[in-house]
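Quick notes on the structure that follows.
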There are 4 protein chains.
Amino acid sequence: MSFNTFGKIFRFTTWGESHGPAIGCVIDGCPPNIPLTEKDIQADMDRRRPGQSKFTTQRKEPDKAIILSGVFEGKTTGTPISIIIYNEDKKSRDYESIKNKFRPGHADYTYFKKYGIRDFRGGGRQSARETASRVAAGAVARVVLKKILGKKFNVIGAVTQLGLMSCDKSNWNNAQIRKNPFFCPDKKSVKLWEKYLLAVRKAGSSCGAIIELRATGIPVGLGAPIYSKLDTDISAALMSINAVKGVNIGSGMNAAFLSGEENSDEIRKKSGKIKFKTNHAGGILGGISSGQDIVASFAVKPTSSILTSRETINKKGKNTNISVKGRHDPCVGIRAVPIGEAMINCVLLDHLLMHKAQCG
Amino acid sequence: MSFNTFGKIFRFTTWGESHGPAIGCVIDGCPPNIPLTEKDIQADMDRRRPGQSKFTTQRKEPDKAIILSGVFEGKTTGTPISIIIYNEDKKSRDYESIKNKFRPGHADYTYFKKYGIRDFRGGGRQSARETASRVAAGAVARVVLKKILGKKFNVIGAVTQLGLMSCDKSNWNNAQIRKNPFFCPDKKSVKLWEKYLLAVRKAGSSCGAIIELRATGIPVGLGAPIYSKLDTDISAALMSINAVKGVNIGSGMNAAFLSGEENSDEIRKKSGKIKFKTNHAGGILGGISSGQDIVASFAVKPTSSILTSRETINKKGKNTNISVKGRHDPCVGIRAVPIGEAMINCVLLDHLLMHKAQCG
Amino acid sequence: MSFNTFGKIFRFTTWGESHGPAIGCVIDGCPPNIPLTEKDIQADMDRRRPGQSKFTTQRKEPDKAIILSGVFEGKTTGTPISIIIYNEDKKSRDYESIKNKFRPGHADYTYFKKYGIRDFRGGGRQSARETASRVAAGAVARVVLKKILGKKFNVIGAVTQLGLMSCDKSNWNNAQIRKNPFFCPDKKSVKLWEKYLLAVRKAGSSCGAIIELRATGIPVGLGAPIYSKLDTDISAALMSINAVKGVNIGSGMNAAFLSGEENSDEIRKKSGKIKFKTNHAGGILGGISSGQDIVASFAVKPTSSILTSRETINKKGKNTNISVKGRHDPCVGIRAVPIGEAMINCVLLDHLLMHKAQCG
Amino acid sequence: MSFNTFGKIFRFTTWGESHGPAIGCVIDGCPPNIPLTEKDIQADMDRRRPGQSKFTTQRKEPDKAIILSGVFEGKTTGTPISIIIYNEDKKSRDYESIKNKFRPGHADYTYFKKYGIRDFRGGGRQSARETASRVAAGAVARVVLKKILGKKFNVIGAVTQLGLMSCDKSNWNNAQIRKNPFFCPDKKSVKLWEKYLLAVRKAGSSCGAIIELRATGIPVGLGAPIYSKLDTDISAALMSINAVKGVNIGSGMNAAFLSGEENSDEIRKKSGKIKFKTNHAGGILGGISSGQDIVASFAVKPTSSILTSRETINKKGKNTNISVKGRHDPCVGIRAVPIGEAMINCVLLDHLLMHKAQCG
């Protein structure tokens, strides 16, 4: 059992609440002798960090990841890597007005019913702040994967749907993704998205998003059959992210609408290399990587922390109303990009080690 | 690690290949003193069994589930329940023609690359025959859940999309589902679906499907935060089923298109009971059940075992073609209904026991 | 959690009761492409089998291990290996007289209190019959270890203390162990032991035993720090065997009586090889194998199934007496030798795979 | 897999090296709503703390345990409890002289061979400093057990053998244990032990120890059969402590020398209560607690950090000598008492939660 631990061989355990002194993670099973510095981790932390544009929450967090153990003379030792991130911008008083109310669409009600505890300070453990720890763990996984798989390995995520606005995926450009505040892969969509999201924010509303992840340079053979399929673990990894409601591998839900002729990714040998003619499978067949790009996507729901008043109940079970005051986050999905990347990095490294264990 | 085991406290391990002497499962962690007979299991086995209509594979399997251990004088003992299902209709010779070819869209290529073994007999372990063991385990879970949660507890699945044909979910009727060969919940759609699927079969083609699962009578509080969220485990459970490519919880992928106003399920207290005004969340908030119905759906891709010749390679890496001869299964998604139900039953029982452990 | 599963990567799950139709195990995580036959397993099964001499129980069981899955064309496939052993000599009526009594020194009372079930048929799941499944799993582990580590790898167990009778370990002879019914490594002790045990049996009494296990050809580096130490897992493996009450690694409990000078195994490099001058550590330092022989021993208590009447209570909580009728097993420890070997083989293979995963 | 995690439901993960900035643990699965303060933990930390008498290492560590998460308004929340302990007295320069040498009897050689890393600073992760984290986790377990089981619950450990000096266990006095620096339960032995250990220290030598643990107020029914037996998990827990080489449950290794008549703990009902006439089983039958006191003991080897020069090799594989300079720890076993208590508390709570899950 592992409430707060993810992974099988490369495992990480996260801890900490939104408004406690700190959050962090402990990574176990990391291969030894891999060069690793706090800088490697900070680069990913910074991409997730709030307050970087007008489109994300204004909480100011430096989110500095500090390594407390597991690295000696610049290299991983094979023992647990403990990473701590101090909470610096925690204003508990902001939550006084909603202290005894359950925010609809949040986990306030279910946490209270389960544990008998109402940690009103930003939701405590249920806060998306926990995802900072995942990003730290994912950064370590990425460094290890790069070391083992080489330069051809890459994982990149992008927002491909911002509320009602789609983008043209045929314009996908990895370099573009890091140049706009939406992680949008299509340069042409950026301006439209900006207008759209500003309108959503002005209306005091919020919108959802779809994030697509692409992993390249993955060898054939990763994934274990039946209950540890690579796509099973990717699905669990992505669905465990706050506010995620759907996960697709390759064609995903759309596979239902395809015919067998369309959906079968035909295989060809060309100039000594095996190539698939299409990639409806998202790079995974029978739970095992095929050598194609791994493609997964997930949907993030719109936050229900909006300006419009919503009906709800309070701790005593009485009917009441609730609304968010001041600035809010019009699309929480945007910041899910580095989190999705982190999770898929962790799954891939975990399966790489599993594969080595049984078949290496 | 658990390649072939599912669950945390209520765990089952499956074993066996499509064309070996038998398949089966071992269930561990089942509560003691629960009345259980082979009949309880057989009812579910029969719903999954092939060869029951012209729309599913013609393999004739009685699929009789035999309990070898863990039940004494009609009650579970708390020790492992071993269930065996003999393979009776296994014609290995049928596979001679494709012995050395990799069927595109199947796991032939990836299994061979991973293990260096080509078990050509119906795909060996990769065959959907494994799912019979899941249905047996799920039947045990259902019996235990009924005993603990009482009559209000129910899990029912239905096909809501058959290839390009949708149904009208506002006509959903549980009783109807078991009356047609498609597990369709909308009586009006049955005739159209029949025509459609006959046409697909005649064309030698295949189509995908979407299955929706609804669980009622689930208490608030099931699910553990972060990496053992109830939806995380449901997602993993469903994605582990053969040919599944997408999983939705509640609004699922469509959550991306909703506004925060639409998506927040408002809460009301009425005549002493807590009610949600909508159920976009699918009964799960922050990974924990809210007391609403749990709603999940998943997409099954169309099988690529079709009459049309497809390009592929053989074991030696040479280009070749492949096509299925004789009758085939036009929509493998139909038989996924009892499998999906089985998996969600197992997840729900597992989380019920986990909740008792920590908070009971 | 894993009530009935042992291991982390090479895992096996056992099932079955003493008097059900069969017992068995499912092995998961076995490397693929290892030649394996039922004969490989049967050799070990035969060494554990009861009824082979006048010193062990007279239950007649052929104990034939049948492979149901996971082996194709003579080689492991990397998928679950299911092994079944039918119970043939199960005379439930023998247990009628003790049906409602709790045998002292057995788990009758605790199982009844835990599960509310009294499976009186030979103790049901608590019976040492379960160990036949371990021996089957251990045989598979041994075959894999031999394949990977080569001929220098060996695990051998012996009885070094039979009740009050010790043997001279300086006479240890591997070949001798298999030549006498006591698994005694010292030829000179065999006759004395025979006399002693006959006397114990005649008196209707029973005695305990100490079994020592020696593994050679183990590479340096197996074992993971802290909670997956090699000795931690060996200790758990041996203590999980029925009737075992103590486990020693190397000097074991006697380490308490040594001085730091005696106990430190000094290290020398000689003709290019690293040698330890002594082996008080039993081949394990800090939980990691040192390349020396792994040495572990464990004590098996005398069975309390004896002819002398013992005081106990019945299911209703009333005071009563109990005694075993007919022939009994004067030293259950003897048959623990192949079981101990099996368990240590499983631990060693599991750690070899774990080491490959993280450091390979 | 869980290199650095212990437990199944109540789980803790430890991290940190002897000479890094801090060590700590993350506790998962703790029941919610249990009053818990840092003081509860500190009391146990202080009992393990070094430098408290002339008989333990002179490293000065306040060992202040700080709770970073999982407690809100004085009560556990059911989410991870992260505890950090800063390393304050870390003089890395002390290790310069042995930087490239492997201390015999320590894990220097095996860690280096496994990971290719030589963390010479006090052994890094292999240091017994890690056990401070266990004591913190054990303190939390103790608080929860007290809350659930009430006042009759208690776990107490004592040194019953100090090198060649035994004590008279019939004089066992719980109150006495905390009054002398040896955790000796027999007042009469204290003076003799003091003389003995001073002599050992003066000689620059070291001695081993046996620690006995007694748990009272444990309900019948804890423990799961076969591979999660209560004694299996206790055995693993104790063997995972640094320098432990042997573990006994009840009669332990001595069970080998008993007859069936002596060893069977007869059962009687007296004035409505079930009593066992003896407790050779150490309170555990078939892996399940019987309601008697749980009795376990373990042996700690003498440290090989002694003044006498010992032969060893260096990192380059060259023969050399090594000896400890300055003060040393004549009996590391003494400080193992609170560690053993901590581990058994964790195992007991874990099994209590497991029992609730399946049978509650």
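The values are calculated or read from the model by the stated rules, or taken from the named source; none is laboratory data. All of these numbers come straight from a predicted model, not from anything done at the bench. Every residue, glycine among them, receives a Cβ derived from its backbone with ideal geometry; neighbour counts consider all protein chains shown.
Here is a check on your reading of the model: is residue B:179 in contact with a Pro (Cβ under 8 Å, 6 or more places away or on another chain) and either touching a residue at least 60 places away in the same chain (Cβ under 8 Å) or not aromatic (Phe, Trp, Tyr) (or both)?
Details: in contact with a Pro (Cβ under 8 Å, 6 or more places away or on another chain): no; either touching a residue at least 60 places away in the same chain (Cβ under 8 Å) or not aromatic (Phe, Trp, Tyr) (or both): yes.
So residue B:179 fails the test.
Restricting to the range D:183-240, give me the number of residues that are of a type in the set (Gly, Ala, Ser) and farther than 25 Å from residue D:306 by Cβ.
Adding up the residues that qualify gives 9.
Can you work out which of the residues in the range C:1-40 that are at the interface with chain B (Cβ under 7 Å from one of its Cβ atoms) and among the aromatic types (Phe, Trp, Tyr) is nearest to residue D:347 (Cα to Cα)?
Selected residue: C:3.
Just to be sure before I move on: is residue A:130 out of contact with any Cys (no Cβ under 7 Å at 6 or more places or on another chain), in a strand (DSSP E or B), modelled with pLDDT of 95 or more and within 28 Å of residue B:285 (Cβ to Cβ) in the structure I sent?
no
Do we find that residue A:157 is at pLDDT 95 or above, outside any helix (DSSP H, G or I) and either within 14 Å of chain B (Cβ to nearest Cβ) or crowded, with 21+ Cβ neighbours inside 10 Å (or both) in this structure?
Here the answer is yes, as residue A:157 does meet what is asked.
Find the residue count for the range A:72-118, including only residues that are away from chain B (no Cβ under 11 Å), at negative phi, crowded, with 24+ Cβ neighbours inside 10 Å and in a loop (DSSP other than H, G, I, E, B).
Summing the residues that are away from chain B (no Cβ under 11 Å), at negative phi, crowded, with 24+ Cβ neighbours inside 10 Å and in a loop (DSSP other than H, G, I, E, B) in the range A:72-118 gives 3.
For the range C:220-242, give me the residue count where each residue is farther than 29 Å from residue D:17 by Cα, part of a loop (DSSP other than H, G, I, E, B) and either in contact with a His (Cβ under 8 Å, 6 or more places away or on another chain) or more than 7 Å from chain D (Cβ to nearest Cβ) (or both).
Final tally of qualifying residues: 2.
Specify the residue that is farthest from residue D:245 (Cα to Cα); the eligible residues are those in the range C:232-268 that are touching a helix residue (DSSP H, G or I) at 6+ places or on another chain (Cβ under 9 Å) and of a type in the set (D, E, K, R).
C:245
Any residue in the range B:189-212 that is buried (at least 19 other Cβ atoms within 10 Å of the Cβ), more than 10 Å from every other protein chain (Cβ to nearest Cβ) and closer than 20 Å to residue B:281 by Cβ?
Scanning the range B:189-212 turns up at least one residue that is buried (at least 19 other Cβ atoms within 10 Å of the Cβ), more than 10 Å from every other protein chain (Cβ to nearest Cβ) and closer than 20 Å to residue B:281 by Cβ.
Residues D:132, D:141: which one is aliphatic (A, V, I, L, M), more than 20 Å from residue C:258 (Cα to Cα) and in contact with a helix residue (DSSP H, G or I) (Cβ under 6 Å, 6 or more places away or on another chain)? Steps first, please.
Numbers: D:132 fails: in contact with a helix residue (DSSP H, G or I) (Cβ under 6 Å, 6 or more places away or on another chain).
Within the list D:132, D:141, the selection yields D:141.
Considering the range B:335-360 alone, what residues qualify as being at pLDDT below 95 and farther than 19 Å from residue B:223 by Cα?
Initial filter on the range B:335-360 (at pLDDT below 95): B:335, B:360.
Within the range B:335-360, just B:335 meets the criteria.
Which ones in the range B:280-313 are farther than 21 Å from residue B:225 by Cβ and modelled with pLDDT of 95 or more?
B:293, B:297, B:298, B:299, B:300, B:301, B:302, B:311, B:312, B:313
When the range A:161-199 is examined, which residues are found to be among the basic types (Lys, Arg) and either within 23 Å of residue A:248 (Cβ to Cβ) or in a loop (DSSP other than H, G, I, E, B) (or both)?
Matches in the range A:161-199: A:169, A:178, A:179.
In the range D:53-72, which residues are at pLDDT 95 or above and either over 19 Å from the mean Cα position of the chain (by Cα) or closer than 21 Å to residue C:264 by Cβ (or both)?
Those that are at pLDDT 95 or above and either over 19 Å from the mean Cα position of the chain (by Cα) or closer than 21 Å to residue C:264 by Cβ (or both): D:66, D:67, D:68, D:69, D:70, D:71, D:72.
Residue check: is residue C:85 among the β-branched types (Val, Ile, Thr) and over 25 Å from residue B:7 (Cα atoms)?
The answer is yes for residue C:85.
Filtering the range D:144-154 down to residues that are of a type outside the set (Val, Ile, Thr) and touching a helix residue (DSSP H, G or I) at 6+ places or on another chain (Cβ under 6 Å), which residue is surrounded by the fewest Cβ atoms within 10 Å (Cβ to Cβ)? It would help to see each step written out before you state the result.
Filtering the range D:144-154 for residues of a type outside the set (Val, Ile, Thr) gives D:145-147, D:149-154.
This time we only want the ones that are touching a helix residue (DSSP H, G or I) at 6+ places or on another chain (Cβ under 6 Å), so: D:145, D:153.
On the way: D:145: 23, D:153: 18.
Per the criteria, the residue is D:153.
Please go through the range B:314-354 and give me each residue that is more than 23 Å from residue B:207 (Cα to Cα) and surrounded by fewer than 21 Cβ atoms within 10 Å (Cβ to Cβ), ordered by number.
Within the range B:314-354, B:314, B:315, B:316, B:317, B:318, B:319, B:320 qualify.
Is it true that residue D:357 is in contact (Cβ under 8 Å) with a residue 40 or more places away in the chain, surrounded by 24 or more Cβ atoms within 10 Å (Cβ to Cβ), under 30 Å from residue C:112 (Cβ atoms) and small (Gly, Ala, Ser)?
Criteria met by residue D:357.
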